[in-house]
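Read the structure below first, then the notes.
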Number of protein chains: 2
Amino acid sequence: MIRVLACGKVKDKALKELIDDYAKRIKRFERISLEEVKDQKIVDNDSYEHIKDLEGQELLAKIKAQDYVVALDLCGAELNSLALAQKIDKWRALSSDIVFVIGGSLGLSEMVLKRANYRLCLSKLTFLHQMSKLILLEQIYRSFKILHHETYHK
Amino acid sequence: MIRVLACGKVKDKALKELIDDYAKRIKRFERISLEEVKDQKIVDNDSYEHIKDLEGQELLAKIKAQDYVVALDLCGAELNSLALAQKIDKWRALSSDIVFVIGGSLGLSEMVLKRANYRLCLSKLTFLHQMSKLILLEQIYRSFKILHHETYHK
């Protein structure tokens, strides 16, 4: 199954609706769960690294030893849609669970990046992290359409 | 002012709501208009090139000689958010209107790509073209926040 593990809630109603809609469409091909851990409040006297570490620990607590972990990371590999589809196909053969991990507004901690089996960059542009979730789900859906040789509009 | 010229309507209500919301936020910094030309029905005996040409003509009819045209193109330049902000700042000094052009499901015609002053690639991934519009607007908004030294969540 596919798990999308994110730090922080999607608050915008329209964005949440789009994300849930893609999750529903993906279910036709594969089981999927959207999971969230709480993002930490950024307090002035906390360092960013400390906050990322706390969020990272929450994320890591949800990851099992045998999971194939794909971290969304600006410094990760950039793939086109066909290459991503082929990777997803390969990852499914390696583990029963693929876990895509999306960090909070400060990004992912070093510990999470180290645990990741693959680091994926959706774009060189920095997106609102909730927007990354939408983009990721659209691409997972597109990947399954490609793998099942179904046409999909651009 | 900024014009976002796209081929085809955004039909999904939630997606339209998000796009309109970003347009409204951008208005705080710059005038913006969202414009659409009709996308052509894909009929079997029409070639894809012919359809792209027809759509391209409709798009070109909306472009003035003095406009600075930025075409969204998978083969274009990839920028990070800071670099895009700097480009937008530069383009505004070159022309009073920046026109971002988004093609239909088949992409942009050669004629439109030739008219473009800049070709911008949002990601190596192929997005639903209506999704590209949302991503573009989020990035334009982010650019203005960067140019005005305002903080913006990731």
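The values are calculated or read from the model by the stated rules, or taken from the named source; none is laboratory data. Because the structure is a prediction, the values reported are computed rather than measured. Cβ: placed from backbone, ideal geometry, glycine included. Neighbour counts: every protein chain shown. Remember, those area values only see protein heavy atoms, side chains included, never the ligands or the DNA or RNA. Shrake-Rupley method; radii C 1.70, N 1.55, O 1.52, S 1.80 Å.
Miscellaneous remarks
- Counted residues, the stretch B:134-154 - those being more than 8 Å from every other protein chain (Cβ to nearest Cβ), open to solvent by 10 Å² or more (accessible area, probe 1.4 Å) and outside any loop (DSSP other than H, G, I, E, B): 4
- Within the stretch B:109-130, restricting attention to residues that are under 11 Å from the mean Cα position of the chain (by Cα) and open to solvent by less than 20 Å² (accessible area, probe 1.4 Å), the residue that is nearest to the other protein chains (Cβ to nearest Cβ) is B:LEU122.
- Hey, A:SER47 surrounded by 12 or more Cβ atoms within 10 Å (Cβ to Cβ) and polar (S, T, N, Q) or not: no
Matching residues to (1) touching a strand residue (DSSP E or B) at 6+ places or on another chain (Cβ under 8 Å); (2) more than 14 Å from chain B (Cβ to nearest Cβ); (3) at positive phi:
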position	(1), (2), (3)
A:LYS24	no, no, no
A:ARG31	yes, yes, no
A:GLU36	yes, yes, no
A:ILE63	yes, yes, no
A:ALA77	yes, no, no
A:LEU82	no, no, no
A:LYS87	yes, no, no
A:ARG92	yes, yes, no
A:GLY107	yes, no, yes
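- From B:GLU17, B:GLU36, residue being within 21 Å of B:LEU128 (Cα to Cα), open to solvent by 10 Å² or more (accessible area, probe 1.4 Å) and assigned to a strand (DSSP E or B): B:GLU36
- Hits in the stretch A:64-85 (condition: open to solvent by 30 Å² or more (accessible area, probe 1.4 Å), within 18 Å of A:LYS145 (Cβ to Cβ) and touching a residue at least 40 places away in the same chain (Cβ under 8 Å)): A:LEU82
- Meets criteria (within 13 Å of the chain's Cα centre (by Cα) and at pLDDT 95 or above) for B:LEU74: no
- Matching residues, the stretch A:50-90, being in a strand (DSSP E or B) and not hydroxyl-bearing (Ser, Thr, Tyr): A:VAL69, A:VAL70, A:ALA71, A:LEU72, A:ASP73, A:LEU74, A:CYS75, A:GLY76, A:ALA77, A:GLU78
- Only residues that are assigned to a loop (DSSP other than H, G, I, E, B) and crowded, with 23+ Cβ neighbours inside 10 Å were counted across the stretch A:95-107, and they come to 1.
- Some residue of the stretch A:1-11 being open to solvent by 70 Å² or more (accessible area, probe 1.4 Å), modelled with pLDDT under 95 and either within 14 Å of another protein chain (Cβ to nearest Cβ) or farther than 20 Å from B:ASP20 by Cβ (or both): yes
- Considering residues of the stretch B:29-71 that are farther than 25 Å from B:ALA85 by Cα and polar (S, T, N, Q) only, the residue modelled with the lowest pLDDT: B:ASN45
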